[in-house]
1. Residue check, THR37 against (1) hydroxyl-bearing (Ser, Thr, Tyr); (2) part of a loop (DSSP other than H, G, I, E, B); (3) closer than 21 Å to SER123 by Cβ, all met but one. Which one?
2. What residue, among those in region 207-222 that are among the charged types (D, E, K, R) and out of contact with any Ser or Thr (no Cβ under 9 Å at 6 or more places or on another chain), is modelled with the lowest pLDDT?
3. How many of the residues making up region 114-140 are basic (Lys, Arg) and touching a residue at least 12 places away in the same chain (Cβ under 8 Å)?
4. List the residue pairs whose Cβ atoms are under 6 Å apart, where the first residue sits in region 188-201 and is in the same structural domain as LEU225 (by TED's automatic domain parsing), the second is assigned to a loop (DSSP other than H, G, I, E, B) and not β-branched (Val, Ile, Thr), and the two are 6 or more positions apart or on different chains.
5. Among the listed residues ALA49, ALA94, identify the single one that is crowded, with 17+ Cβ neighbours inside 10 Å, out of contact with any Lys or Arg (no Cβ under 9 Å at 6 or more places or on another chain) and either within 28 Å of SER138 (Cβ to Cβ) or small (Gly, Ala, Ser) (or both).
6. Any idea which residue in region 185-203 is farthest from the chain's Cα centre (by Cα), counting only those that are over 18 Å from ASP224 (Cα atoms) and not in a helix (DSSP H, G or I)?
7. Please tell me if MET29 is under 16 Å from GLU108 (Cα atoms) and within 29 Å of the chain's Cα centre (by Cα).
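The values are calculated or read from the model by the stated rules, or taken from the named source; none is laboratory data. Being a predicted model, the structure only gives us computed values, none of them experimental. No Cβ is skipped: glycine too gets one built from the backbone with ideal geometry, and neighbour counts run over all protein chains shown.
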Amino acid sequence: MNKLHGEIIVDGYDMLKKPKKAKKQIGYMPEGVPLYTDLTVKEFVNYMAEIKQVDKKERKEKVEKIIGDTGLKDVEKKLIRNLSRGYKQRVSMAGALVGDPKILILDEPTVGLDPKQITEIRSLIKELGKKHTVILSSHILSEVSQICNKVIIINKGKIVAIDTPENLENKVTNNNSVYVTVEDPENKITKTLEKVKDIQKIELVEENEDKTKQYRIEAKGEVDLRKTIFAELAKESITIFEMKKADSTLEEAFMKLIEGGNK
């Protein structure tokens, strides 16, 4: 059996040689929000400050600042057990911030939240990202795309990609397509567009209840077909209800990278 080997360096500190100094650079917010629910918000943050040995002279000021930064001032005297899931997430994040670590590790920070709470936590994470390095673990790829400026995709314990969300999305875009929704009772769209030299493929995607149809029109190369399509369909009195470019998503990039790694 092969032994694992390597090293972990955190802000210049070797985790094995100087574990206390290395760990001091990290604030961790675990999934599931494990908190001391019999404490008030302020008591909990104070307790975390004691554990992390924040200087007594600065402790009160720093606790107040963390409570303010995480939007907990209005509930600082409430018992944690009486808070909503969204506020409990904030309390857990406040605990991670104690000691002013350079690195924040957030494990599934929005799981179980309602849409309003998700928006609030995402905004808080973006704000924290201005002062800290934030490492976010999430299976919600739309969230990753909105929050992160670098993505690491792991499949079966191995890194399969490291890049920006935008670059990952662009890498898996295999064609230049436009989605067009039209009202075309005489089915003239295919004949009308077949004569356009830069069109490679015309595909019916779906027929809607309102008698409109959506087509995917694929271009050759990097040609933007939208103006041409609009002009050609207008000549034939084919009404366009919607026209948009087909954008690849991080979900699509993830699936293609994972499928490639499984072959």
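1. Result: THR37 passes all but (3).
2. Within region 207-222, the first condition is being among the charged types (D, E, K, R), and the residues that meet it are 207, 209-211, 213, 216, 218, 220, 222.
Right, trim to out of contact with any Ser or Thr (no Cβ under 9 Å at 6 or more places or on another chain) and you get 207, 209-211, 220, 222.
Details: GLU207: 87, GLU209: 81, ASP210: 81, LYS211: 85, LYS220: 81, GLU222: 73.
The residue in question is GLU222.
3. To start, the set of residues in region 114-140 that are basic (Lys, Arg) comprises 116, 122, 126, 130-131.
After this cut, where a residue has to be touching a residue at least 12 places away in the same chain (Cβ under 8 Å) as well, the list is 116, 122, 126.
Selection size over region 114-140: 3.
4. Close Cβ pairs satisfying both conditions: LYS188/GLU236; THR192/GLU236; ASP198/LYS220; GLN200/LYS220.
5. Details: ALA49 fails: out of contact with any Lys or Arg (no Cβ under 9 Å at 6 or more places or on another chain).
Within the list ALA49, ALA94, the selection yields ALA94.
6. GLU186
7. On the way: under 16 Å from GLU108 (Cα atoms): yes; within 29 Å of the chain's Cα centre (by Cα): yes.
Yes, satisfied.
Residue-wise test of (1) within 13 Å of the chain's Cα centre (by Cα); (2) surrounded by 15 or more Cβ atoms within 10 Å (Cβ to Cβ).
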site: PRO101; (1), (2): no, yes
site: LEU106; (1), (2): yes, yes
site: THR110; (1), (2): yes, yes
site: THR119; (1), (2): yes, no
site: VAL134; (1), (2): yes, yes
site: SER138; (1), (2): yes, yes
site: VAL144; (1), (2): yes, yes
site: ILE154; (1), (2): no, no
site: LYS158; (1), (2): no, no
